[in-house]
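What follows draws every value from the coordinates through simple rules; no lab data is involved. On a predicted model such as this, the values are computed, not experimentally measured, just so you know. Methodologically, a virtual Cβ is constructed for each residue, glycine included, from the backbone with ideal geometry; neighbour enumeration extends over all protein chains shown.
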């Protein structure tokens with residue numbers, strides 16, 4: 001057997017790498033083994049880093065959980081979350097999708113063969129730090145199990161009712177819901193609420209945070225938006241027929257709807273009182289309240 005046949009795969013790799021490196025070096029340095037070895041090692045490390053980078057999107061795609069609803073009507077999702085920023089998006093699909101940000105840490109090695117125990121008997125059946133359980137009447141319940149600074153995106157069919165509750169005081173967690181046509185109920189202890197391009201009735205409250213609601217269509221059922229310490233900003237279609245009841249204890253109220261509140265152009269100002277008025281003849285009741293903050297009711301542009 002020749003010496004070439006006895007070469008190990010490691011030697012073959014080194015030889016191939018050395019050949020590549022030699023081609024990139026000046027002619028006088030191509031036979032300097034002390035120079036070739038570190039350059040060859042650096043080239044190998046770059047290739048390994050590139051392979052890991054290419055594998056990263058596949059790992060991120062794996063951080064997704066799916067569940068189907070039992071029917072296409074009367075869908076509802078109930079979320080009880082803690083310590084997380086959450087975005088809920090409506091889309092033209094028929095199942096629930098949950099994606100994690102990658103901040104969630106898997107159980108430690110010492111927990112191998114064991115299972116985590118949470119209150120209420122919940123279990124992490126998603127490997128994303130949340131429990132997802134189907135319930136009665138086409139309802140799916142999502143419960144946050146971790147206390148970390150996680151981020152989640154929940155996608156669900158547009159015509160789905162959503163109930164969201166923040167179950168701890170830990171941190172200031174913001175919530176965004178967009179592109180939904182079902183009923184929305186939101187309760188935060190601390191954090192901002194953003195409801196964008198929604199068309200169903202809204203009941204939203206936060207103790208400390210601003211609330212912004214942009215209606216793409218006017219709900220036919222009553223809505224209520226309340227912040228103890230924060231602004232309330234509601235945008236409605238210019239033709240919206242609503243009956244408004246607005247109150248700010250220490251802030252101001254602004255609107256560009258004609259509510260028969262006096263003369264002036266643009267956003268008119270009223271402060272420190274309850275204001276009631278009907279836009280475009282009135283319709284569904286909208287209750288907007290804040291103790292320490294301003295109220296804005298504006299026409300969509």
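Tabulated results
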{"quantity": "Anisotropy class of the stretch 167-241 from Cα gyration tensor, a/c 1.5 cut", "calculated": "prolate"}
{"quantity": "Ordering of 128-135, 227-234 by packing [mean C-beta count within 10 Å, highest first]", "calculated": "227-234, 128-135"}
{"quantity": "Most to least packed among 65-78, 186-199 [average Cβ atoms within 10 Å]", "calculated": "186-199, 65-78"}
